[in-house]
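Enquirer: The structure that follows is given in the form of structure tokens.
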Amino acid sequence: MHAAGLDGIELQAYGHLMDQFWSPLTNTLEEPYGGDLDNRLRFTFEVLRAIRQRVGETFIVGVRYTGDEMLPGGLTSGDGMEISRRLKDSGLVDFLNVVRGHIDTDAGLTDVIPIQGMPSAPHLDFAGEIRREIDFPTFHGAKIQDVATARYAIASGKVDMIGMTRAHMADPHIVRKIIEGREEEIRPCVGANYCLDRIYQGGAAYCIHNAATGRETSMPHTIPKAAQQRRVVIIGAGPAGLEAARVAGERGHSVVVLEAASDAGGQVRLTAQSERRREMLGIIDWRLARCEALGVEIRYNIWAEVEDVLAEQPDVVIVATGGYPMEDQPEVGHDLVVNTWDILSGHVPPGKRVLLFDDAGDHAALQAAEIIAAAGAELEIMTPDRTFSAEIMAMNLVPYMRALQRANVTFTPTYRLKIRTARRWRAARQDHQRLHGSGARTAYRPGSGQLRHHADGRHLFRAQTARQQWRRGELR
Ligand SMILES: Cc1cc2nc3c(=O)[nH]c(=O)nc-3n(C[C@H](O)[C@H](O)[C@H](O)COP(=O)(O)O)c2cc1C
Ligand code: SF4
């Protein structure tokens, strides 16, 4: 590192080699490397001395370490304080970087690096206590996702520097935007943890909120103006439609978005109904703000017909109308069936004994499960897959499992419901058209549990949900 011209290094010691010597849970050695704290720190100081001998005094060397393993029999906060003191007194390091917890399990890792729905800056006060007691340059980073929290951490004197990893992945231009007084343009990290969860599956560290992150060689963060302005019509103001609108706006095009619902966000707005995923709204709010700043026009409550689109004289038309939940019907009991959107939107209250059949393995099922379990229902989650929630990666699964295990939910993998071939929604739509005339057009409104009835091509209103009619037997 020194020879490569870098200014310094930070050694990691929270679930890594050095702190395995520190922790009584992992160090079962005898002298000279096991036993009392002097012995358990021996390896660390040997390494630090060897580094100093090679790099000299001016190269910056620090240690990022756990100041409290928060495990029975592990390093305590008292041990952490003593280790901090000895690191300072050694004269071998220039700074401390304090974290708290352990990373040997998914749950432990998720507490060290909290995801969305978990508290912000949960270890800041702890790092601040070490800073106050030891009086030595101290860094900290763990879910300090916005500039306001970082500013508070520094201004209050809790620590000397804040690390923001995911915030910089969501917006690598944070610092430039602060310097240029453009803080309101910062794309906020929403804590979805797609980035970190992916790397534990051998994937690239992509960002759910910023498609350019990790793809910089093919997709720039800063979007250049187009040589020629075009008229762009986008159908749908969900996340994809809004992103298309934002990028087209950045390119300098004239953009109009036509949205059937009365607000933007589509399924992201629906997923953000759960407290656990509320931060996802940042994906929509940031894009709406950017679209407004870029002069993108968004028209709500409009069901885009061919003539509506053509009236805009578009050069480009982008269809981003999203999807629907799976509506396959079981052979028996179909009168009892609702879907995840019904539960997430609060449109249908959960029953008392619920079988949740999950053929997708994504967030919607576990979000619905949490709502159902919280309502006190007896819940069984069934999936035809070998494992449940296959699309939810490690750290994202942790908060769900904590909630669902507390509620005694049963998990049943490798079973499939016997499904009717016809999709209920399609059948319901046909019935709806039978009731309102063959020209009637319908759309399921995300989150409302309602079919929209579009009678004359101009007037849009909510029809009584075909699902409710189905349940009452009116549509059989
Ligand atoms: C994609 C990604 C990769 C990471 N890789 C490492 C790593 O190799 N070693 C490490 O100690 N921490 C790693 N981290 C953890 C970060 O250093 C940081 O502790 C964590 O993301 C919490 O800070 P944040 O809330 O600002 O993101 C990684 C984080 C992310 C998002
Ligand atoms: S994937 Fe989520 S947690 Fe990771 S940087 Fe992007 S917004 Fe933040």
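Enquirer: Report the FRET efficiency, 1/(1 + (r/R0)^6), for L37 and A394, where r is their Cβ-Cβ distance and R0 is 35 Å, rounded to 0.05. List each step's numbers first, then the result.
Expert: Details: r = 33 Å, r/R0 = 0.93.
After rounding to 0.05, the efficiency reads 0.60.
Enquirer: A further question follows. Angle check, please: helix 363-374 long axis (alpha carbons) against the longest principal axis of the chain (alpha carbons), in degrees 0 to 90, nearest 10.
Expert: The angle comes out at about 90 degrees.
Enquirer: Using r as the Cβ-Cβ distance of D7 and I199, and R0 as 30 Å, what FRET efficiency do you calculate, to the nearest 0.05? Let's see the in-between values first.
Expert: Details: r = 26 Å, r/R0 = 0.85.
Calculated value: 0.70.
Enquirer: Using Cα positions and a limit of under 18 Å, work out the lysines in reach of K158, with same-chain residues fewer than 8 apart set aside.
Expert: K88, K143
Enquirer: Here is a further query. Under the Karplus relation 6.51 cos²θ - 1.76 cosθ + 1.60, θ = phi - 60°, what is the ordered set of whole-Hz ³J(HN,Hα) values for the stretch 396-403, x standing for Gly and Pro?
Expert: The phi angles translate into 5, 6, 4, x, 4, 5, 4, 6 Hz.
Enquirer: Quick one: which residues, 5+ away or cross-chain, put their amide H under 5 Å from the amide H of V63? H built at 1.01 Å from N.
Expert: Residues meeting the amide H criterion: L11, F95, N97.
Enquirer: Under 5 Å between amide hydrogens, which residues at least 5 positions from I235 or on another chain qualify, with H placed 1.01 Å from N in the peptide plane?
Expert: Residues meeting the amide H criterion: L258, I318, V319, A320.
Enquirer: Before rounding to the nearest 500, sum -39500 (n - 2.57) across all DSSP H runs of length at least 4 in the chain and divide by the residue total; then give [θ] at 222 nm in deg cm²/dmol.
Expert: Details: 18 runs with 170 residues, N = 476.
Estimated from H runs of four or more residues: -10500 deg cm²/dmol.
Enquirer: Count the DSSP beta bridges whose two residues both fall in the chain, then state the antiparallel fraction as a percent rounded to the nearest 5. Present the calculation step by step, with values, prior to reporting the outcome.
Expert: Numbers: 10 of 45 bridges.
Percentage antiparallel, nearest 5: 20.
Enquirer: Hey, another quick one. Suppose R0 equals 56 Å; then what is the FRET efficiency for T217 and T28 from their Cβ-Cβ distance, rounded to the nearest 0.05?
Expert: Using R0 = 56 Å, I get an efficiency of 0.75.
Enquirer: Which ³J(HN,Hα) values, rounded to whole Hz and listed in residue order, are derived for the stretch 172-180 from phi using the Karplus coefficients 6.51, -1.76 and 1.60 in 6.51 cos²θ - 1.76 cosθ + 1.60 with θ = phi - 60°, glycine and proline given as x?
Expert: Values, residue by residue: x, 9, 3, 4, 4, 5, 5, 4, 8 Hz.
Enquirer: Within straight cross-link reach of K352, meaning Cα distance under 24 Å, which lysines are found once same-chain residues fewer than 8 apart are removed?
Expert: K418
Enquirer: Sequence-distant or interchain residues sharing an amide H contact under 5 Å with G141, placed H: which?
Expert: Result for G141 returns G163.
Enquirer: For the chain, state the semi-axes of the equivalent ellipsoid (square roots of 5 times the eigenvalues of the alpha-carbon gyration tensor), sorted largest first and rounded to whole angstrom. Mind showing how you got there, number by number?
Expert: Details: eigenvalues 505, 184, 53 Å².
Equivalent ellipsoid semi-axes, largest first: 50, 30, 16 Å.
Enquirer: May I pose another question? Mind checking the full-extension length gain between E292 and R86? Use 0.36 nm per residue of separation minus the Cα-Cα distance, one decimal, nm.
Expert: 68.8 nm
Just so you know, all these numbers are worked out from the coordinates, no wet-lab data involved. Worth saying up front: this structure is predicted, and the values here are computed from it rather than measured. Note: ideal-geometry Cβ built from the backbone for every residue, glycine included; neighbour counts use all protein chains shown.
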